[in-house]
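Asker: The structure is given below, and queries will be raised subsequently.
The values are calculated or read from the model by the stated rules, or taken from the named source; none is laboratory data. Please read all numbers here as calculations on a predicted model, not as lab measurements. Methodologically, a virtual Cβ is constructed for each residue, glycine included, from the backbone with ideal geometry; neighbour enumeration extends over all protein chains shown.
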Amino acid sequence: MTPFWTAPCNKLLRVNFMIKNITKIKIPGFLFSGVSCGIKKNNGKDIGIIFSETPAICAGVFTKNRVKAAPVKLDIKNIKSSFTRAILVNSGNANACTGKKGDKDALYMAETAAEKLGIKSKEVLVASTGVIGNLLPMDKVIPGIEKACEKLNPTGIDDFSHAIMTTDLYQKTAYEKIKIDGKDISIFGVAKGAGMICPNMATLLSFVVTDLCIDKKHLTGCLKDAVNRSYNLITVDTDTSTNDSVIVMANGLAGNKKILNYNKDYENFNTALIKILKKLAKLIVEDGEGATKYITIKVKNAKTKIEAKKIAMSVAKSTLVKTAFFGEDANWGRIICAVGYSGVKVNPDNIDIYIGKIKVASAGSRVEGISEQKLKKILEKKEIAVDIDINQGNCSEEVYASDLSFDYVKVNASYRS
């Protein structure tokens, strides 16, 4: 008999939002590339570049982990520049906790790309993802950057999205086209991430490019709002990475009247950006390491929206809740337990809990006469909804999580080897 810890899981592979003809997508003024330079052991693509042919406005949000990777520290400085022209990404090595040498390597990467592209080094942002604590093999990275610069082209999105992947099983991309000021606006987003997912003002690595014309202040406002309404509502394993970065570039080539106010045009773009990031966020949860379930946890009738989110995240992060869903066990006691230690003052005698459409707890106690057969059918599904009614206000929030399977342990137990 195969031991349970080596048995393969029924991996959740739902890619509804992925672009089918990704090689046909072109964003005016943006070039992409992805190449292999030997950082990854499997010789997969591991260096990617996004390049704007014209100066672009750029905004970003970064990890709130106090342990920040070298490229994050560099980007926090460089993103203050008036314009950004390129984003350089490597996978297979996080360049985190690498001391002064790591800082110098991140800067050298930006300088190498800048020299090759004919721009200033402060116009280059750098992102890294992979194993923490190892120095980058710069003898491989520098030739890889040079090669990636040479391979830049308008249809290189597919290569780029592969180059930023680590334990991801598939690419995560999203595309929207909207009208603003009578002009067609293209918005393309890409993300990587399957583990170390519990965002805090950013997540994993995610990049968005658009030909919209907008100023830096309002682009930053849009991004922060969109992140809070997408990436900051997901969790896979409760770990906030040292490298989390979400960056958006807007080169203005669409020719719309520049957005300088919080007006209808701003709202239209904000809505589209939220849509892009929500699509990517869903793909990240669905591709969570070892995931077999996609769980939506909605908290209703809390006193404030902040408290509703805090309760929902407490449930979503619970190892016992996540393993119960993997085992298809309607153990609602674990759910109400997580509500209780969320830090929010709740009256347990007022709490109702639903799994799917079945009410499993009423006023903090078990509902008798539940059909276990019907519950089992709900729990066998790949997508499961959990509603938690606090009954002490009128505010709601929902978050998204994966389950926790044997495969998560397998993937992360051997991540470096």
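Asker: For segment 119-135, give me each residue that is in a loop (DSSP other than H, G, I, E, B) and more than 16 Å from Ala96 (Cα to Cα).
Answerer: Those that are in a loop (DSSP other than H, G, I, E, B) and more than 16 Å from Ala96 (Cα to Cα): Ile119, Lys120.
Asker: Among the numbered criteria (1) out of contact with any Pro (no Cβ under 9 Å at 6 or more places or on another chain); (2) over 30 Å from Glu383 (Cβ atoms); (3) surrounded by fewer than 20 Cβ atoms within 10 Å (Cβ to Cβ); (4) modelled with pLDDT under 95, which one does Lys77 miss?
Answerer: Status for Lys77: all satisfied but (4).
Asker: While we're here: For segment 57-110, how many residues meet the condition of being in contact (Cβ under 8 Å) with a residue 40 or more places away in the chain and closer than 10 Å to Val126 by Cβ?
Answerer: Residues flagged as in contact (Cβ under 8 Å) with a residue 40 or more places away in the chain and closer than 10 Å to Val126 by Cβ within segment 57-110 amount to 12.
Asker: Please work out which residue is farthest from Gly393 (Cα to Cα), limiting yourself to segment 347-364 and to residues that are not aliphatic (A, V, I, L, M) and not in a loop (DSSP other than H, G, I, E, B).
Answerer: Filtering first and then ranking leaves Lys359.
Asker: Being surrounded by fewer than 19 Cβ atoms within 10 Å (Cβ to Cβ), modelled with pLDDT of 95 or more and assigned by TED's automatic domain parsing to the domain that holds Asp215 narrows it down to one of Asn301, Asn268, so name that one.
Answerer: Values: Asn301 fails: assigned by TED's automatic domain parsing to the domain that holds Asp215.
Residue meeting the stated conditions: Asn268.
Asker: For segment 344-402, how many residues are within 22 Å of Ala291 (Cα to Cα), of a type in the set (D, E, K, R) and touching a strand residue (DSSP E or B) at 6+ places or on another chain (Cβ under 9 Å)?
Answerer: Residues that pass the stated criteria total 4.
Rundown of residues vs (1) aromatic (Phe, Trp, Tyr); (2) assigned to a loop (DSSP other than H, G, I, E, B); (3) over 26 Å from the mean Cα position of the chain (by Cα); (4) surrounded by 15 or more Cβ atoms within 10 Å (Cβ to Cβ), yes/no style:
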| site | (1), (2), (3), (4) |
| --- | --- |
| Val321 | no, no, no, yes |
| Asp329 | no, yes, yes, no |
| Lys345 | no, yes, yes, no |
| Glu368 | no, yes, yes, no |
| Lys374 | no, no, yes, no |
| Ala385 | no, no, no, yes |
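Asker: Inspect segment 58-67 for any residue being in contact with an Asp or Glu (Cβ under 8 Å, 6 or more places away or on another chain), in the same structural domain as Lys120 (by TED's automatic domain parsing) and in a strand (DSSP E or B) and give the result as yes or no.
Answerer: yes
Asker: Can you work out which of the residues in segment 68-82 that are within 19 Å of the chain's Cα centre (by Cα) and part of a loop (DSSP other than H, G, I, E, B) is nearest to Leu152 (Cα to Cα)?
Answerer: The selected residue is Ala69.
Asker: Is at least one residue of segment 83-96 closer than 18 Å to Ser36 by Cβ, more than 26 Å from the chain's Cα centre (by Cα), assigned by TED's automatic domain parsing to the domain that holds Ile47 and at pLDDT 95 or above?
Answerer: No, the conditions are met nowhere in segment 83-96.
Asker: From the residues in segment 271-298 that are of a type in the set (Asp, Glu) and either assigned to a loop (DSSP other than H, G, I, E, B) or surrounded by fewer than 19 Cβ atoms within 10 Å (Cβ to Cβ) (or both), which one is nearest to the chain's Cα centre (by Cα)?
Answerer: So the residue we want is Asp287.
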